[in-house]
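Participant: Here it is, the structure in full.
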Amino acid sequence: MTQASNIRWLYASTATFGVIQGGATAYLPVFLARLGASAFEIGLLTAAPALLSMVILIPSGLVAERFRDQVRLRVWTEVAIYVPTLILALCPFFVPLEALPAVAIVLCTIQAIPMALETSAFLTVFAQAFPPDRIAHINGVRWALMGLTAAASVAVFGRSLDLLPFPLNYQIVFGLTWAAGMCNAALFARIRVPLLPGTRVSDTPRTSSLVVAVASRVRAYGRSVMGQPAFVRYLFATLPFRIALMMPEALYSLFWVNSLEASDSLIGLRGTAVFAAQLIGFVSWGRLANRLGHRRVLFMSAILAGLYPICTGLAPKAAWLVLIAVIWGLGYSGIRIALFDMMIVSVPAEMMPRFASLYSLAERFAMFVGPLLGVALSQATSLRSALLAIGAIQLAASAAFFLLPRTQRGEHEAPT
């Protein structure tokens, strides 16, 4: 009964997360583009938080594993994550518009602190709450629900942005995003999983030297990582593609607004197309992953993802963005399912807080390096040329997936 109840509350919280995805997540870069922000400034929205995360993620993982109640840890960090979103919604009342890009970058960077703990706690709860053989199906359904609510939200928000005056229209979107974050935390709090074992006295360094204590913890961390070769192989095989996948992140909103002159309503329709395609993709890829294996699903979805920046760069008019968005929705949903599932089964559940931080560290490294590389490429060429080149780079980076293990049809490969 507990597992069925956990699934229901997970689905409910994920549905509210769709509103967040269709709100501030979708429109913050567009907001900065309409304020006249540069590609470098928009790139910092992703790169600056990622850089801070790289510094604090490993310590955060060590801190997170000391909390026995991982559900409570995730709930309170989720609340903290959306405080900067509420502040951003209020900022135009007090801050000049020309200063808002810098304020947004600072607020997004601050969010990285609670996010470091939240990611570790969420992955730990997920690994405890659900058996490995149901993860693909559960992920498919929950991400489909997110896609459904996000598709509706991004369209409604996009139309509202065109009807209401600037910047009040964006303030309302950011405020509603904060409210959705609070609902997400409240629903997730209903999930029940066993408490983690308490920290034993023998696990705590007895030496009074802080340097020796820290060094001891780092050595122990390194030994635990190297003791899971499946996880190490997973990180090295997926990192090049993660970096390539993040390269166009700062370029899309500028290309839509400045090159194609897309309206907020059309950008909203494009978002609806993405999330609708993800809805189909999460369900379909989740089933295919158990039949074909996750590596094969990862290859197929990576090809679709690589075609997306190429097709975007070739778009002659903004209206094409809606059709092209379907490619991204289908590709990204498969990538997300395959990467997440393969990570979950590569380490023991009781060690998830520690390995979740390293997983997030690799992800944040890609989020830091990728956008800056994409911005540099666009400055050396043009937005359109950079998108075409990045698509080719993404396709080439998927070759590293050959390092991943083959999974059997209908089951996950056990950790080695």
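Participant: Compute from the Cα atoms of the range 15-66 the Rg and the Dmax, the latter being the longest Cα-Cα distance, and quote both in angstrom.
Facilitator: 14.9, 45
Participant: I've got another one for you. Rank-order 66-75, 170-179 by packing density, defined as the average count of other C-beta atoms within 10 Å over each peptide's residues, highest first.
Facilitator: 170-179, 66-75
Participant: In what sequence do Ser253, Ser160 fall when counting other Cβ within 10 Å, fewest first?
Facilitator: The fewest-first ordering by Cβ neighbours comes to Ser160, Ser253.
Participant: Let me ask something else. Using DSSP to call loops (not H, G, I, E or B), can you name the chymotrypsin sites (Phe, Trp or Tyr not before Pro) in the range 1-35 whose Cβ has at most 11 other Cβ atoms within 10 angstrom?
Facilitator: When the chymotrypsin sites (Phe, Trp or Tyr not before Pro) of the range 1-35 are filtered for loop state and at most 11 Cβ neighbours within 10 Å, nothing remains.
Participant: For the range 127-191, what's the radius of gyration and Dmax over Cα atoms, in angstrom?
Facilitator: For the range 127-191, the Cα radius of gyration and maximum Cα-Cα distance read 16.0, 50 Å.
Participant: Let me ask something additional. Largest first and to the nearest Å, give the Cα extent of the range 1-89 along each principal axis.
Facilitator: Answer, in whole Å and largest first: 52, 31, 19 Å.
Only the coordinates and a few stated rules stand behind these numbers; no lab work does. A quick note: this is a predicted structure, and the numbers were derived from the prediction, not measured. All Cβ positions, even for glycine, are placed from backbone atoms using ideal geometry, and neighbour counts span all protein chains on display.
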